[in-house]
Amino acid sequence: MRRGNLAFRVVTALFFIAVLAYIGVYLYNSIENPFTTTTAVSHTIYDSTDVEGILVRDEIPIRTEYETVYVAAQEAKRLSNNGIIAYTYSSQRDFDRAVEIRNIKAQIEYLESFGRELDTNDQLQLKNQLKKGIVEMKKNVQGRRLASLEAMSLNLRTLAFFDGSNGAEIEQSLSELNHRLSELGTEHSNGAGKITAPYSGLFTVNVDGFEHISPDDLTDLTCVELSALLEEDSVAQNNVIGKIVRGIKWYYAAIIKAGEAKNLSIGGTARLIFGKYYNRQLDMVVESISDIENGACVVVFSCDYALADTISMRRQSAEILKAVYSGIKVPKKAVRLDENGDECVYVVTGPRMEKKTINIIYEFEGFYLVAVDNERTDALRIGDSIIVSAKNLYDGKVVGR
């Protein structure tokens, strides 16, 4: 037993020494002869200025004295003059009946569409549609694009409920829904009054109490006045059920530092991004620039598209793009000067190192942005393995020596 214990201890000690030696060699090589690489990837940098402002439109609040109201107009959809916005009801019972009729009609429409898809698609495709719909709905909620949220929700509920069903089950459901619809009668047959649009325009239920601000109020707007609006607490009145937005043009008034505003000119265009709620770049016209107050001014921008997509926004941060740079991201540690004094990097090509001359177009924290050049044979390419750290670099050197 004693000999066995001694042998075990010797083997354990030798194993421990071997591990320490391996770690020691690894640390020595890392310190004395470091060799690390990274992959060349494409990258885009937005050079921008962050601002705070308010969106203004030609808005008309829709008021009613009725307590039981059923809004029939679709969110962010255009109504004609005298188009039906809502129905009013004298009793809660009539209102509930109208809501049920509307939901049944929508279910019938989606079931009929779903049945046709079931005839031409397999269950796997329908499951993929369900997953895709969930992702799309999540994006719309996060981006506050609520115009089609109700329809998307009903569509997803239909897909989820009938997942794995066959055509006969869907036909049975359609028959039951149509029977219930015939029992309820027409949607607005009992005690329904109408609320119509006073003007043509986009309708939205999003009201916030700022509807009284008109585009004309932006004339000669000062930094003090706009700051007060951005800090003002405002709520919609109880009897307002929505609003009509006339025209297609909308405005964004923002407070901008004087040094940033000097690059803007009245009548010129600027490219804006409204953060996570609307990540498209919008080309907007500079309508006016106020006098400088305490190193800042009010700039009013206008846009004649994307009204429906931005209709729920009011007090909103934005980025004013000054420039956009696209290229290949390269760590600063990887950039070196060759014998001619030109900037270059070394990449691993097969078993050897290869020098690539580069053209730096933008400097950022910790890395450079390098121009993409598909004409030169010695240019850096996306996907190249860039050597970040190593010793004795030269073109053609065998890697590992």
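The values are calculated or read from the model by the stated rules, or taken from the named source; none is laboratory data. Keep in mind it's a predicted model, so treat the numbers as computed, not measured. Positions of Cβ are backbone-derived with ideal geometry, glycine not excepted, and every protein chain shown enters the neighbour counts.
Being more than 25 Å from residue 215 (Cα to Cα) and either touching a residue at least 60 places away in the same chain (Cβ under 8 Å) or β-branched (Val, Ile, Thr) (or both) is true for just one of 277, 325, 346, 368. Which residue is that? Lay out the reasoning, then the answer.
Working: 277 fails: more than 25 Å from residue 215 (Cα to Cα); 346 fails: either touching a residue at least 60 places away in the same chain (Cβ under 8 Å) or β-branched (Val, Ile, Thr) (or both); 368 fails: either touching a residue at least 60 places away in the same chain (Cβ under 8 Å) or β-branched (Val, Ile, Thr) (or both).
When all the criteria are applied, what remains is 325.
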Looking at the stretch 236-246, can you tell me whether even one residue there is modelled with pLDDT of 85 or more, of a type in the set (S, T, N, Q) and part of a helix (DSSP H, G or I)? no
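Name the residue, out of 216, 163, that is modelled with pLDDT of 85 or more and of a type in the set (Asp, Glu). Steps first, answer last, please.
Details: 163 fails: modelled with pLDDT of 85 or more.
Answer to the selection: 216.
For (1) of a type in the set (Val, Ile, Thr); (2) exposed (fewer than 13 other Cβ atoms within 10 Å of the Cβ); (3) more than 25 Å from residue 223 (Cα to Cα); (4) in contact with a Cys (Cβ under 6 Å, 6 or more places away or on another chain), each residue gets a yes or a no:
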{"site": "290", "(1), (2), (3), (4)": "no, no, no, yes"}
{"site": "321", "(1), (2), (3), (4)": "no, no, no, no"}
{"site": "325", "(1), (2), (3), (4)": "no, no, yes, no"}
{"site": "335", "(1), (2), (3), (4)": "yes, no, yes, no"}
{"site": "344", "(1), (2), (3), (4)": "no, no, yes, no"}
Tell me, yes or no, whether the stretch 66-83 has at least one residue that is touching a helix residue (DSSP H, G or I) at 6+ places or on another chain (Cβ under 9 Å), in a strand (DSSP E or B) and surrounded by fewer than 16 Cβ atoms within 10 Å (Cβ to Cβ). no
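Would you confirm, using the coordinates I've provided, whether residue 335 is in contact (Cβ under 8 Å) with a residue 60 or more places away in the chain and under 35 Å from the mean Cα position of the chain (by Cα)?
no
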Testing residue 320 on (1) among the hydrophobic types (A, V, I, L, M, F, W, C); (2) within 34 Å of the chain's Cα centre (by Cα); (3) over 30 Å from residue 57 (Cβ atoms), one condition comes back false. Which one is that? (3)
Cβ-Cβ under 7 Å pairs, at least 6 apart or on other chains, the stretch 227-254 side farther than 27 Å from residue 286 by Cα and in contact (Cβ under 8 Å) with a residue 40 or more places away in the chain, far side surrounded by 15 or more Cβ atoms within 10 Å (Cβ to Cβ) and of a type in the set (S, T, N, Q): 239/64; 241/64; 242/204
Odd one out for residue 373 among (1) surrounded by 13 or more Cβ atoms within 10 Å (Cβ to Cβ); (2) within 30 Å of residue 222 (Cα to Cα): (2)
Which of the numbered conditions does residue 313 fail, given that it passes all the others? Conditions: (1) in a helix (DSSP H, G or I); (2) within 26 Å of residue 203 (Cβ to Cβ). (1)
Let me spell it out: the conditions are (1) surrounded by 16 or more Cβ atoms within 10 Å (Cβ to Cβ); (2) under 20 Å from residue 309 (Cα atoms), and residue 221 meets all of them except one. Which number is the exception? (2)
Which of the residues that make up the stretch 291-345 are farther than 25 Å from residue 232 by Cβ and in contact with a Gly (Cβ under 8 Å, 6 or more places away or on another chain)? 331, 332
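Might you check whether a residue that is small (Gly, Ala, Ser), surrounded by fewer than 17 Cβ atoms within 10 Å (Cβ to Cβ) and farther than 19 Å from residue 48 by Cβ occurs anywhere in the stretch 248-269? Explain how you work it out, then say what you get.
First, pick out the residues of the stretch 248-269 that are small (Gly, Ala, Ser): 253-254, 258-259, 261, 265, 267-268.
Still in the list and also surrounded by fewer than 17 Cβ atoms within 10 Å (Cβ to Cβ): 258-259, 265, 267-268.
This time we only want the ones that are farther than 19 Å from residue 48 by Cβ, so: 267.
Looking through the stretch 248-269, at least one residue is small (Gly, Ala, Ser), surrounded by fewer than 17 Cβ atoms within 10 Å (Cβ to Cβ) and farther than 19 Å from residue 48 by Cβ.
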